[in-house]
Structure formats: C-alpha cells, structure tokens
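Here's the structure, in structure tokens; my notes come after.
Please treat every number below as a calculation from the coordinates, not as lab data. Quick caveat, the model's predicted, so the values are computed rather than measured. For neighbour counting, all protein chains shown are included, and Cβ atoms are generated from backbone atoms with ideal geometry for every residue, glycine included.
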Amino acid sequence: MAIKLVLGGFTLNIISAYAPQVGLDEEVKRRFWEDLDEVVASIPLTEKLFIGGDFNGHIGSVSRGYDEVRRIWLRDKNGGGVSLLDFAKAFGLVVANSCFPKKKEHLVTFRSSVVATQIDFLLLRKDDKGLCKDCKVIPSENLTTQHNLLVMDLEIRRKKKKKVVDDRARIRGEFDSV
C-alpha cells in the first residue's frame, strides 16, 4: 500500500510493505522485491519517501558494506535481511531503526512464545535522515498479538517565506504621531 501526501510544500510518499515469510518459494520473494523496486523507482528524488513494513528478515549485528546500519541487532543476518539491506543500499535508503541506540525492549518488533526479535523496519532516504528525530518500538502497544508498534518521529518544517521589505522612504504626514 502506498500513500502520497502533500504537506506544506513537501510531497510525502508512505509505503507499507509485507515481505513473504521465511519458507515461501523464492519466486514469490523475488516478485515482492521487484514490485517494491518498481514502486520506489517511480518516486522522484525531490519527494520524501518513508517505507515501513514487516520484512521478515534479520539484518544482523555485523553489516559490512552497509554504512548506514550501526546497531547491534537481536539475531544473525539471514536471507531476508540481506535482501532488505541490498534494497536499501540500491535506493540510497537508511534503516531508521539502526540510527538510535535503544534498550532491547525498544528493538523487539515481533514476540512469540518462542522468540523475541526484530523483523519490522522503517526506511527513509539518506538525504532525509535529518528529519528523523527518533525511531523505536513502543513495547506496550501491539498492532497484532505478536507485533509491537514501531514509530518514527519526524520533524518536517515549512520553509519560511522571506518578508518583502518596503525600502521606500517614509514621509511623516500630519496624521503620524510624533
């Protein structure tokens, strides 16, 4: 699902993605990434881009070659995580979850009786990284019985218009106060 918003002179594109689960056919996974590539490629670089989703992958603690990933993650990198990192690198995106140091409870996006892990991610363009003021999981809020709410705080400011300065000399008239 994709939403386009025009807000104060900015065009914001918000994409919600749900990657195929581990164990599904590789062809299904390949089509997902091709479709997402097509959607992202169609968005001009002059517009803001935010992608959030359940990517069903782990990006690991050692992310060589992926300069924008800095956090120590909860699980080792897997195929789904490699696909996510390759996608981010190809489109000049940042994994927002990786930009802010957090306690473990603010990293866990998926919890079951067996595992607590991080498979949901928020991405934005590197050039817009300064707009993101924070990104974290709110552990007490569940989207479903197993997924916690992942939020990104953005600060988007409208550019102030320059005031037109009237540089004409004022002439004091009979009604002007002294």
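Computed quantities for the displayed model
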item: Modelled FRET efficiency - R0 30 Å, VAL114 with THR46, Cβ distances, 0.05 increments; result: 0.10
item: Pair ARG31, LEU7: separation of 7 Å Cα→Cβ label points (nm); result: 3.3 nm
